[in-house]
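Structure, as C-alpha cells:
The values are calculated or read from the model by the stated rules, or taken from the named source; none is laboratory data. Computed from a predicted model, the values in this text were never measured in an experiment. Positions of Cβ are generated from backbone atoms using ideal geometry, with glycine treated the same way; all protein chains shown enter the neighbour counts.
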Amino acid sequence: MRMRERIIAMRVNNKPGVLSRVTGVFGRLGYNIESLCVAETISPEISRITSITNADSDFIEKVKKQLNRLVDVLDVTELVPGQSAQREMILIGIDLDQKDRTEIVRSIGMFDCKIISMRSDYCIVQIAGSREEVETVINFLRPFSIDKIARTGVLALRYKDSVS
Amino acid sequence: MEKTGAEILLQALRKEGVEVIFGYPGANSLPIHDSLDESPIRHYLVRHEQAAAHAADGYARATGKVGVCMGTSGPGATNLVTGIATAYMDSTPLVVLTGQVTTELLGSDAFQETDIIGITMPITKHSYLVSDPSEVKATVKQAFEIARSGRPGPVLIDLPRNVMAAKFEQSDDEDAAVTVPVKQPVESKKEKKQLQQIANYMNMSERPVILIGGGVKLSQACEELAGLIEKGNIPFVSTMMGIGSVYASNGFNLGFIGTHGNELANRIVHDSDFILTMGARFSDRSTSIVKEFAPLATIAQIDIDPSSISKVIKADISLVCDIHEALTKLTPLVERKERREWLNRIEKERNFLGRDRPMKECGPAGAFIRDVQMAMPEGTIAITDVGLNQIWTVRSWETKTPRGMITPGGLGTMGFGLPAAMGVKVGMPDHGVIVFSGDGGFFMNIQELATISYYNLPVKIVVFNNGHLGMIRQIQDLFYGARFNDIELGNKVDIVTVARGFGIQADRVSVEDSGSGIEKMCTADGPFLLEVLVDPDTYVFPIIPPGRSNIDMIGGRQG
C-alpha cells in the first residue's frame with residue numbers, strides 16, 4: 001500500500017490528559033506522528049488537533065475508529081489536499097556573516113518571508129505557506145548556517161462546500 | 001447540608017444501584033472507608049487488590065450489573081491493573097475507584113503515588129481524576145453510563161484523599177443536570193438497506209452459519225438470536241466468549257471455533273458460504289491464520305463497536321448496531337428455510353468425526369467435569385481459570401444459560417478463576433458456583449482462600465493438579481521439541497492441608513477415581529476445595545498449531 005502523508009484533524013475536549021490519550025492511539029497502532037498542532041478553538045472548552053502521519057490508507061480507517069472510541073474526542077476527519085486549505089509556519093534562526101546578510105534580505109522579498117529579528121550576526125526568519133512553499137524556502141536557506149528551526153506542522157481546514 | 005466528597009461518592013454509587021464493593025484500604029482511600037459504615041453498600045475485603053478487580057469482574061459477568069472495586073493509591077492501584085485489563089479485553093462493565101495522594105502532592109513522587117490514569121489509559125474506556133468534591137456526583141454518573149453503554153468496559157475514577165475529605169454543600173434533590181458524553185453509534189441511514197442485504201444473503205445462501213461472540217449476551221439478545229436460528233434453521237458456532245448465549249441440545253450448535261475449539265465447528269465454518277457474525281471481534285484465537293479463515297464465505301458483521309468491524313477480517317457487509325436492536329429488525333426479514341441439504345451434510349460430518357467425540361477429547365478431565373455438573377444443582381455457574389483447565393471446562397461443561405460460564409477469554413489471565421468465583425457467589429448467592437482451576441493459576445491468587453473462608457462464601461473449588469503448567473507443557477511438547485523448560489511446579493505443596501489451614505474443607509482424588517470426592521464437595525455446606533490429580537501428559541486435542549489454519553489441526557479426525 002502506498003505510503004503518503006495523511007492529515008487527521010479532530011476536535012477534542014480541552015482538558016488535561018486528552019492529548020496524551022490521542023497520541024497514545026497513534027503509538028499503539030504503531031504510527032509515528034510527523035507533526036502535531038494543538039490549540040483552543042472559538043469555544044475555549046474545545047481544542048482542535050491537526051496531525052500528520054506518514055502511512056498507508058489502512059491507517060485512516062484504523063485511527064479514526066480508535067480515536068472515536070475516546071470519550072474526549074468529539075469528531076475526527078481526514079483532510080485531503082485539494083479539498084482543504086493547508087498552511088504551515090516556520091521560524092528559522094540563522095547565524096550570519098556580512099555576505100549572508102545582504103543575500104538573505106534580498107531573498108526574503110523573493111520568497112514572501114518575514115524577518116522577525118535581525119542582528120549583525122543572527123536573524124530569525126518567519127516563513128508561512130503551503131508545505132511545498134515552506135520546503136522550497138528551507139531548501140534555499142540550507143546552505144546558510146541554520147542554527148535552529150521551529151515548525152508548527154501543517155494546519156488544515158476543509159473548504160466549506162467540499163464533501164469528504 | 002454539607003457533605004464530604006466521600007459521602008457524596010457513596011451516595012452517588014448507591015444511586016447507580018451499587019450494593020457491593022470489593023476492595024482493600026490504604027491511607028489515601030481512608031476517607032471513603034471511613035464513610036462506608038454509614039452506607040448500605042457492603043465492602044468485601046479481599047487479600048490482594050488484583051482479586052478485588054477479578055471479583056468485581058466475576059460479579060458483573062454473572063449479574064449483568066456494573067462491578068465496582070477499589071484500591072488505595074500507588075501499589076493498591078497498580079495491583080488492580082491486571083484485573084482492569086482482563087475486564088477491558090472481555091468488555092466487562094467495571095467502575096474502578098482508586099485512592100490518590102492529595103491534590104497538592106500530585107506529581108511530586110509522594111509516598112504511594114503513581115500516575116494510575118496514565119498507567120491504565122490503554123486498558124480503560126475512560127478515566128477521571130476528581131480534583132474537587134463538586135465534581136464527584138457528575139463524575140460517578142458519567143462513569144457508570146460509559147462503563148455500561150455501547151461496548152461495555154472498565155472506567156477508572158482517581159480520588160485524591162483531600163477531595164474525599166473536603167466538605168461541600170450539595171443539595172440532595174438537585175440531580176445534577178449531567179450530560180453524559182456517551183458515544184451512541186451514529187444512526188446509519190443505510191441501516192434498513194444493510195439489514196435487508198444481510199437477510200438477502202442469509203436467504204440465498206446454501207451453507208450459512210451464525211457466529212456468536214460475547215457481544216450477544218452483553219446486549220441481552222440471546223432469546224432473539226435463538227428465535228432467528230429457529231426461524232431460519234441456521235446452524236451456529238460461537239467464540240469462547242459466546243459460549244452459552246444460545247442453548248441448543250438440537251443439532252444447530254456446532255461448538256466453538258478456534259485454536260482450542262471443536263473440530264466440527266472449525267470445519268463447518270471453513271465450508272460455509274455465508275457467516276453472520278454478531279458481537280465477535282475475530283480474535284486470533286478464533287480465526288487462526290486469517291487469510292485461510294472461511295475462504296468460501298461472504299462475511300456479514302454486526303457489532304456495536306465500530307472499531308471491531310473489519311478490524312481483522314474484512315466484512316463484506318457490516319452494520320454498527322446494538323445486536324438486540326439489529327435482531328428484532330433482522331429476524332422478520334429472514335425466510336423460513338429447511339436447509340435440509342446443509343443440515344444433512346453437517347450431520348454426516350458430525351457422524352464422521354464421531355458423535356461421542358466431544359466427550360472423549362478432554363479425556364478423564366472432561367468426564368470428571370461432566371460428573372461434577374451432574375452432582376451440582378441446576379443453574380450452577382462455572383468459572384474457569386486459564387490453561388488446560390479452561391479448555392477442558394468450556395468443552396465439557398454444558399453451558400445452558402448466557403451467564404452460566406465465566407472465563408477470561410481475551411486476556412487469558414491466570415489467577416482469574418478463584419477471585420472471580422468469589423464475586424460470582426456474592427452476586428448470585430442462590431446459585432451453585434464452581435471454579436475449575438489448574439495448580440498454576442490457583443497459586444497465583446491462593447491468598448483469596450482467606451477471603452472465601454472469612455466470609456464463608458460457599459464456592460466449590462476444583463484444582464486440577466498435574467504438577468506442571470499443563471498447557472505450556474503441551475506447547476513445549478508439540479512445538480519446542482519436548483524441551484520441558486521452567487514449567488514444573490512439583491508436588492511438594494500439600495494443597496489439601498493448605499486449604500484446611502485457611503479453614504476450608506478439602507479433599508484429594510485422582511481424576512479417574514473421583515466419585516467420592518465429587519459427592520463430598522457437592523454436598524458440603526460452605527466452601528470446599530477438591531484437589532484432582534491429573535497426569536501431566538493429559539493434554540487438549542485437537543489443537544491448531546501456531547501459523548496454521550483452523551482446519552489444520554493436530555489430533556483432529558481428518559487432515
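Number of residues in the range A:52-84 that are of a type in the set (G, A, S) and either modelled with pLDDT of 95 or more or touching a Phe, Trp or Tyr at 6+ places or on another chain (Cβ under 7 Å) (or both): the value is 2. Screening B:F168 with (1) closer than 22 Å to B:R42 by Cα; (2) modelled with pLDDT under 95 gives one miss only, at (1).
Against the conditions (1) within 13 Å of chain A (Cβ to nearest Cβ); (2) outside any loop (DSSP other than H, G, I, E, B); (3) over 20 Å from B:V163 (Cβ atoms), B:T86 satisfies every one except (1). Just so you know, in the range A:71-102 the residues that are away from every other protein chain (no Cβ under 14 Å) and in a loop (DSSP other than H, G, I, E, B) include one that is farthest from A:T23 (Cα to Cα), and it is A:D97.
Residues in the range A:2-25 that are within 14 Å of chain B (Cβ to nearest Cβ) and either farther than 23 Å from B:T179 by Cα or part of a loop (DSSP other than H, G, I, E, B) (or both): A:N14, A:K15, A:P16, A:G17, A:S20, A:T23, A:G24, A:V25.
Can we say B:G409 is in contact with a Phe, Trp or Tyr (Cβ under 7 Å, 6 or more places away or on another chain) and either under 21 Å from B:G526 (Cβ atoms) or outside any strand (DSSP E or B) (or both)?
On the way: in contact with a Phe, Trp or Tyr (Cβ under 7 Å, 6 or more places away or on another chain): no; either under 21 Å from B:G526 (Cβ atoms) or outside any strand (DSSP E or B) (or both): yes.
For B:G409, the condition - in contact with a Phe, Trp or Tyr (Cβ under 7 Å, 6 or more places away or on another chain) and either under 21 Å from B:G526 (Cβ atoms) or outside any strand (DSSP E or B) (or both) - is not met.
If you check B:I304, B:I275, B:I257, which single one turns out to be within 14 Å of chain A (Cβ to nearest Cβ), crowded, with 23+ Cβ neighbours inside 10 Å and either modelled with pLDDT of 95 or more or closer than 20 Å to B:E230 by Cβ (or both)? Result: B:I304 is the single residue among B:I304, B:I275, B:I257 that is within 14 Å of chain A (Cβ to nearest Cβ), crowded, with 23+ Cβ neighbours inside 10 Å and either modelled with pLDDT of 95 or more or closer than 20 Å to B:E230 by Cβ (or both).
Examine the range B:459-471 for a residue that is surrounded by 14 or more Cβ atoms within 10 Å (Cβ to Cβ) and part of a helix (DSSP H, G or I), and state whether such a residue exists.
At the first step, the residues of the range B:459-471 found to be surrounded by 14 or more Cβ atoms within 10 Å (Cβ to Cβ) are B:459-471.
When the remaining residues are screened for being part of a helix (DSSP H, G or I), the result is B:470-471.
Checked the range B:459-471: at least one residue is surrounded by 14 or more Cβ atoms within 10 Å (Cβ to Cβ) and part of a helix (DSSP H, G or I).
Could you list, in sequence order, all residues of the range B:466-477 that are over 23 Å from the mean Cα position of the chain (by Cα), at negative phi and of a type outside the set (A, V, I, L, M, F, W, C)?
Taking the range B:466-477 as the starting set, the residues that turn out to be over 23 Å from the mean Cα position of the chain (by Cα) are B:466-468, B:473-477.
Okay, now just the ones that are also at negative phi, so B:466, B:468, B:473-477.
Residues satisfying the conditions are B:N466, B:H468, B:R473, B:Q474, B:Q476, B:D477.
Annotation note: Cβ proximity below 9 Å between a residue of the range B:220-233 that is farther than 18 Å from B:I304 by Cβ and a residue that is charged (D, E, K, R) and surrounded by 15 or more Cβ atoms within 10 Å (Cβ to Cβ) (sequence gap 6+ or interchain) occurs for B:K231/B:K337; B:G232/B:K337; B:G232/B:R339; B:N233/B:K337; B:N233/B:R339.
Here's the yes/no breakdown for (1) within 14 Å of chain A (Cβ to nearest Cβ); (2) more than 30 Å from B:L530 (Cβ to Cβ); (3) among the small types (G, A, S):
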{"position": "B:S308", "(1), (2), (3)": "yes, yes, yes"}
{"position": "B:K311", "(1), (2), (3)": "yes, yes, no"}
{"position": "B:I323", "(1), (2), (3)": "no, yes, no"}
{"position": "B:R339", "(1), (2), (3)": "no, yes, no"}
{"position": "B:P358", "(1), (2), (3)": "no, no, no"}
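Output the residues belonging to the range A:26-70 that are within 14 Å of chain B (Cβ to nearest Cβ), within 13 Å of A:R11 (Cβ to Cβ) and part of a loop (DSSP other than H, G, I, E, B). Show your work before the answer.
Pass one, the range A:26-70, residues within 14 Å of chain B (Cβ to nearest Cβ): A:26-30, A:45-46, A:57-70.
Next, from what is left, pick out any that are within 13 Å of A:R11 (Cβ to Cβ): A:45-46, A:67-68, A:70.
Matches in the range A:26-70: A:E45, A:L70.
So is B:D430 assigned by TED's automatic domain parsing to the domain that holds B:V372, acidic (D, E) and in a loop (DSSP other than H, G, I, E, B) or not? When the stated conditions are applied, B:D430 passes them.
Kindly indicate which of B:G26, B:G17 is among the small types (G, A, S) and at positive phi. Even if it seems obvious, please write down each step before you answer.
Working: B:G26 fails: at positive phi.
It is B:G17.
Just to be sure I understand the filter: pairs with C-beta atoms under 9 Å, separated by 6 or more residues or on different chains, first member in the range B:467-487 and at pLDDT 95 or above, second member part of a loop (DSSP other than H, G, I, E, B) and polar (S, T, N, Q). Which pairs pass? Listed by first residue and then by second, the contacts come to B:G467/B:N491; B:G470/B:T538; B:R473/B:N466; B:Q476/B:N485.
Enumerate the helices (runs of 4 or more DSSP H) found wholly within the range B:288-402, keeping only those where 3 or more residues are of a type in the set (A, V, I, L, M, F, W, C).
B:323-330, B:340-353, B:363-375, B:388-396
In the range B:98-136, which residues are more than 13 Å from chain A (Cβ to nearest Cβ) and without any contact (Cβ under 8 Å) to a residue 12 or more places away in the chain? Explain how you work it out, then say what you get.
If we filter the range B:98-136 for residues that are more than 13 Å from chain A (Cβ to nearest Cβ), which is where we start, we get B:98-102, B:104-105, B:108-114, B:132-134, B:136.
Listed by number, the residues that qualify are B:L105, B:S108, B:D109, B:A110.
In the set B:L343, B:L296, B:L330, which member is surrounded by 20 or more Cβ atoms within 10 Å (Cβ to Cβ), in contact (Cβ under 8 Å) with a residue 12 or more places away in the chain and among the hydrophobic types (A, V, I, L, M, F, W, C)?
Numbers: B:L343 fails: surrounded by 20 or more Cβ atoms within 10 Å (Cβ to Cβ); B:L296 fails: surrounded by 20 or more Cβ atoms within 10 Å (Cβ to Cβ).
On inspection, the qualifying residue turns out to be B:L330.
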